[in-house]
Amino acid sequence: MKIVLIFVAMPAQIYSPFTNFNFSNNKCFLTGQNLNSPEEQIQVFPQWLMSRYELEDKPFKLLDESMATYKDLKLPCTAEVNERYLEPLENTIAAAFDTGYDAVKALDEDQLFLWAGKLLYGIIFNEIQAGIKLQHSQGEEFNISQSIIHKFNNLHMMLQSLNLPVEFDGFKPYSLVLFKVDNAENVFGYRDEINTLTFSLRIKDFGLILCLQDNGANARYHKEALDKIADHTLHPIQFEELNARFFYSAYLFNRLPEYDIFNIGDTISLEALPLRGTSSKPLFDDWMNKTYGQVLENFWKNWGFLLLEIIRNPEKPMSFLFNADGEFINGQDLKLPL
């Protein structure tokens, strides 16, 4: 399938809520159309996913430390947009996820990108609403950094590829890795980091990681490790280690992707400008093992490993992916709980 990306400078039918910071519940999140009813809403976490893993009433902490439940997170969306563009995507993803790794691997990666992007943008939408409400209650204007707006706006415009015709010219705007994982039955492992637009999901017999706004840079950064892991089934602790590596490198990634846009007939072609740009600075800041160890400690909470154990050797943090010689460790050899 084609991915569509359109920026605010394009024709008027393109919608950007970031122009006037319009995050009310009376406009469709995707198109900006006025809603016919307050009932025109969709769940951020789709109903099929919440039902399958009994998520509806489980707590979900927002950035302002307030608590919601999974079912509280919603997006305003016209019935037409939902029926024409979102439900077909949800049905495709739900069927693949229900089958497992092989079916997910057979999906078009762009579909996974759009599905994860819609979910993550839904969380962003709710976070912004909560932030606006909080700061207005304190008599302050809502404030957010321009670089974060840039990322969020790009993601929102990419999502409009669901209903608008634009082509990417020879690149993908994301890094995506998918591995078979020996998960416990009914596990639901979800993580996100909205500042870096990083997404991870571990369910059924697979684990999925997406960096949604890096033009593939994080996958290239980890290429050596990914080549060693390729085609292996991972123990959950191994997947979470890989997860920690991607979440940390996404934090170290220091570029904001930019694009040239060309009108070609009825389509718009998007060309990625070089990430390096005019700067001689590396694309990623320096990797600090202590900081990485803190990230890894969080990802390994289920197994109880502490930072002091993880970085006992500061030059070589603990790893269940690779042995001292840098060779892949067979996950079936690990005597750890799933």
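Quick notes
- Summing Cβ point charges (Lys, Arg +1; Asp, Glu -1) relative to the Cα centre of the chain gives a dipole of roughly 440 debye.
- Within region 278-338, trypsin sites (Lys or Arg not before Pro) in DSSP loop having at most 13 other beta-carbon neighbours inside 10 Å: Arg312, Lys335
- For region 179-249, the normalised intensity computed at q = 0.14, 0.19, 0.26 Å⁻¹ comes to -0.41, -0.75, -1.27 (log10 of I(q)/I(0), Debye sum over alpha carbons, equal scatterers, no solvent).
- Sequence-distant residues sharing a close amide H with Asp214 (under 5 Å, placed H): Tyr174, Ser175
- Residues whose amide H lies under 5 Å from that of Ile329, counting only those 5 or more places away or on a different chain, are Phe322, Asn323; hydrogens are built 1.01 Å from N in the peptide plane.
- Of the residues Leu178, Ser280, Phe23, the one whose Cα sits farthest toward the positive end of the charge dipole of the chain, with +1 on the Cβ of Lys and Arg and -1 on the Cβ of Asp and Glu, is Ser280.
- Rg over Rh, two decimals, region 228-338 (C-alpha only, Kirkwood Rh): 1.14
- Accessible carbon and sulfur surface of region 251-324 relative to its total accessible area, %, 1.4 Å: 54
- In order through region 34-39: 3J(HN,Hα) via Karplus (6.51 cos²θ - 1.76 cosθ + 1.60), integer Hz, x for Gly, Pro: 5, 7, 7, 7, x, 6
- Backbone phi angles across region 192-201, fed through the Karplus curve with coefficients 6.51, -1.76 and 1.60 (θ = phi - 60°), yield HN-Hα couplings of 8, 9, 6, 5, 9, 6, 10, 9, 9, 9 Hz in residue order; Gly and Pro are listed as x.
- The phi-based Karplus calculation (6.51 cos²θ - 1.76 cosθ + 1.60; θ = phi - 60°) puts the 3J(HN,Hα) values of region 310-327 at 5, 10, 4, 9, x, 7, 9, x, 3, 9, 9, 8, 10, 7, 4, 8, x, 8 Hz, whole numbers, x for Gly and Pro.
- Amide hydrogen neighbours beyond the local backbone of Lys74, cut-off 5 Å, H modeled: Val44
- Hull-based mean projected area of region 286-338, where the convex hull spans the alpha carbons, in square nanometres: 4.1
- Excluding ligands, DNA and RNA, the accessible surface per residue across region 80-156 is 43 Å² with a 1.4 Å probe.
- Computed from Cα positions, the angle between helix 289-299 and the longest principal axis of the chain comes to roughly 80 degrees.
- Taking every C-alpha pair closer than 8 Å and separated by at least 6 residues, the mean separation divided by the residue count of region 183-338 gives a relative contact order of 20 percent.
- Between 0 and 90°, nearest 10: helix 146-159 axis offset from the chain longest Cα axis: 80
- Principal-axis tilt of helix 236-252 within the chain, Cα atoms, nearest 10 degrees: 60
The values are calculated or read from the model by the stated rules, or taken from the named source; none is laboratory data. All values derive from a computational prediction rather than experimental measurement. Note that each Cβ is placed from the backbone with ideal geometry, even for glycine, and that neighbours are counted across all protein chains shown. Side chains included, ligands, DNA and RNA excluded: accessible areas come from the protein's heavy atoms. Shrake-Rupley method; radii C 1.70, N 1.55, O 1.52, S 1.80 Å.
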